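The values are calculated or read from the model by the stated rules, or taken from the named source; none is laboratory data. Computed from a prediction, not measured in an experiment: that's the story for all the values here. As a convention, Cβ positions derive from the backbone with ideal geometry for all residues, glycine included, and neighbour counts pool all protein chains shown. Note: accessible area is taken over every heavy atom of the protein model, side chains too, but ligands, DNA and RNA are not part of it. Shrake-Rupley method; radii C 1.70, N 1.55, O 1.52, S 1.80 Å.
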Amino acid sequence: MNGRRPHVLIIGAGFGGLTAARRLARAPVDVTLVDRRNHHIFQPLLYQVATAALSPADIARPIRSIMAPFKNVRVLLDQVVDVDKHARTARFASGRSERFDYLIVATGARHSYFGRDHWSDHAPGLKSIEDATEVRRKILLALEHAETETDEAARKALLTFVVIGGGPTGIEMAGAIAELARRSVSEEFRHITPHCSRVILVEAGPRLLPAFPDDLSAAAKVSLEELGVEVILGQAVTAIDEAALAVGATQIAAKTVVWAAGVQASSAAQWLQADRDPAGRVKVGQACDLLDAPGIYVVGDTAHYIGPDGRPLPGIAPVAKQQGRYVATRIINDLRGRYTGPFHYRHFGNLATIGRRRAVIDFGRLRITGLPAWLLWSVAHVYFLVGFRNRLAVGASLAWNYLTFARHARLITGEYQSSAAQQPAE
């Protein structure tokens, strides 16, 4: 390398990319960390922003602030649009390019509407701060418009909230909306009572939380129903527009629909010219690497990595963090001439919360539900936040919400538009 220090380019500052950058921060390498946003977000708590329990700054932190103590790390606000894996060069949207000796691709995933991308206009998902604040805006505006709506059918549509997808994000979102609409704000409105709102969770599969054991899936369903959520199983959504959605043969009038049913990997496989799975994830070897390009690694939601059970590892934060730490260690060992074995994922359990005092946790042989599970879920999520200030703010907010049912971040941002103005002209 002609006497210069090896250059590691990391694309994406999510869980995988950030973990790798911090592991390499004091190694004898120069690191460039690139992301199209200037902040790292704790995605598992985005639904709390969407339901006004937390503000965006509570779960996000500037990437430059996180990496400031590490002088060998350079942060760029940009987006990679192409990689020449043989010339070891990445090209950015800004027009500039970077050479690298090692590349770590951690570009995450985006929403998948299974070929119906036009649904995104009416059913936003939760992958970014912008997504969360848009969902929050839709929910809060629906409540405000319902307060003054005199047409009964229009009012019912405004107070009907539908969440599509029965995974952890879906059940967390449905439970949080139910608590917000039925308890947190009902005392502040004069014409909305806890029984006015209708929250529906739709899952095309036969049960909720398919990655969890059957008994925990059943417990989650019971907990949601105790909150007043209607759970529809075994029926797929076939149409969505601005006024309603179709679930099977049933039409449901609803102004607020949230998508939590599927994700698709970024376009990394395309610009890496690599094999991909149906979800667009790059197929990698046992070292999280491209078999035809040594020194190029793909981690997290972008990677299709086959686990010991013969199935791909799930797109969750622990997988991304462990893979990020592994590939960084592998690069350090490679520079030292040391052998690094294949990646092994350590699964510590699945967690999902269903509103206040309700959660389910699968630790393998140990399964926990109810308040103990909710307390463990809360502690775990606060602990894994980046930065003391975020931990303190989120911990205090969760405690305050638990004691008072209050939602302190109920801000409607953007230009106000009345419900009458939203109606199409005759």
### Query
Which ones in region 370-407 are in contact with a strand residue (DSSP E or B) (Cβ under 8 Å, 6 or more places away or on another chain), of a type in the set (Phe, Trp, Tyr) and farther than 13 Å from residue 48 by Cβ?
374
### Summary
Out of (1) farther than 21 Å from residue 316 by Cα; (2) open to solvent by less than 40 Å² (accessible area, probe 1.4 Å); (3) assigned to a loop (DSSP other than H, G, I, E, B); (4) hydrophobic (A, V, I, L, M, F, W, C), the one residue 87 does not meet is (2)
#### Entry: Residue selected from region 271-318 under the condition of a type in the set (Val, Ile, Thr) and without any contact (Cβ under 8 Å) to a residue 60 or more places away in the chain, by the criterion nearest to residue 92 (Cα to Cα)
284
### Message
Consider region 16-58. How many of its residues are within 22 Å of residue 355 (Cβ to Cβ) and either of a type outside the set (Val, Ile, Thr) or part of a helix (DSSP H, G or I) (or both)?
### Response
15
### Neighbours by Cβ (under 7 Å, 6+ apart or cross-chain): first from region 210-231, within 18 Å of residue 247 (Cβ to Cβ); second surrounded by fewer than 17 Cβ atoms within 10 Å (Cβ to Cβ)
231/225
### Summary
residue 34 passes all but one of the listed conditions (1) modelled with pLDDT of 95 or more; (2) over 23 Å from the mean Cα position of the chain (by Cα); the exception is number (2)
### Summary
Checked region 325-368 for anything in a helix (DSSP H, G or I), surrounded by fewer than 21 Cβ atoms within 10 Å (Cβ to Cβ) and not basic (Lys, Arg); matches are 329, 332, 333, 334, 335
### Task
Pull up region 372-403, narrow it to residues that are open to solvent by less than 60 Å² (accessible area, probe 1.4 Å) and hydroxyl-bearing (Ser, Thr, Tyr), then point me to the one that is modelled with the lowest pLDDT.
402
### Query
Which one of the conditions (1) in contact (Cβ under 8 Å) with a residue 60 or more places away in the chain; (2) in a helix (DSSP H, G or I); (3) among the hydrophobic types (A, V, I, L, M, F, W, C); (4) farther than 25 Å from residue 140 by Cα does residue 386 fail to meet, given that it meets all the rest?
(2)
### Message
Tell me whether region 7-27 contains one or more residues that are in contact with a helix residue (DSSP H, G or I) (Cβ under 7 Å, 6 or more places away or on another chain) and either of a type in the set (Ser, Thr, Tyr) or surrounded by fewer than 17 Cβ atoms within 10 Å (Cβ to Cβ) (or both).
### Response
yes
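Determine whether region 101-122 contains at least one residue that is in a strand (DSSP E or B), within 30 Å of residue 28 (Cα to Cα) and among the β-branched types (Val, Ile, Thr). Reasoning before the result, please.
Restricting attention to region 101-122, the residues satisfying the condition of being in a strand (DSSP E or B) are 102-105, 109-111.
Subsequent filtering for residues that are within 30 Å of residue 28 (Cα to Cα) retains 102-105.
Next, only the ones that are among the β-branched types (Val, Ile, Thr) stay: 104-105.
Yes, because at least one residue in region 101-122 is in a strand (DSSP E or B), within 30 Å of residue 28 (Cα to Cα) and among the β-branched types (Val, Ile, Thr).
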### Verdict on residue 59 being under 30 Å from residue 253 (Cα atoms), at pLDDT below 95, of a type in the set (Val, Ile, Thr) and in contact with a helix residue (DSSP H, G or I) (Cβ under 9 Å, 6 or more places away or on another chain)
no
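Among the residues of region 140-171, which ones are touching a His at 6+ places or on another chain (Cβ under 6 Å) and closer than 10 Å to residue 255 by Cβ?
In the first step, residues of region 140-171 are kept if they are touching a His at 6+ places or on another chain (Cβ under 6 Å); the result is 147, 158.
Listed by number, the list holds a single entry, 158.
How many residues are assigned to a strand (DSSP E or B) and either open to solvent by less than 30 Å² (accessible area, probe 1.4 Å) or of a type in the set (Ser, Thr, Tyr) (or both) if we restrict to region 154-200? Lay out the reasoning, then the answer.
Of all residues in region 154-200, those assigned to a strand (DSSP E or B) come to 160-164, 198-200.
Checking the rest, the ones that are also either open to solvent by less than 30 Å² (accessible area, probe 1.4 Å) or of a type in the set (Ser, Thr, Tyr) (or both) come to 160-164, 199-200.
The number of residues fulfilling the criteria is 7.
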### Query
(1) hydroxyl-bearing (Ser, Thr, Tyr); (2) surrounded by fewer than 20 Cβ atoms within 10 Å (Cβ to Cβ); (3) more than 27 Å from residue 325 (Cβ to Cβ): which one isn't true of residue 65, the others all being true?
(3)
### Task
List every residue pair whose Cβ atoms lie under 7 Å apart, where the two residues are 6 or more positions apart in sequence or sit on different chains, the first residue falls within region 134-146 and is in contact (Cβ under 8 Å) with a residue 12 or more places away in the chain, and the second residue, located anywhere, is aromatic (Phe, Trp, Tyr) and open to solvent by less than 10 Å² (accessible area, probe 1.4 Å).
139/161
### Task
Restrict the check to region 94-113 and report whether at least one residue is open to solvent by 30 Å² or more (accessible area, probe 1.4 Å), of a type in the set (Lys, Arg) and at pLDDT 95 or above.
yes
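Among the residues of region 75-84, which ones are surrounded by 16 or more Cβ atoms within 10 Å (Cβ to Cβ) and under 21 Å from residue 386 (Cβ atoms)?
To start, the set of residues in region 75-84 that are surrounded by 16 or more Cβ atoms within 10 Å (Cβ to Cβ) comprises 75-76, 78, 80, 83.
Result: 75, 76.
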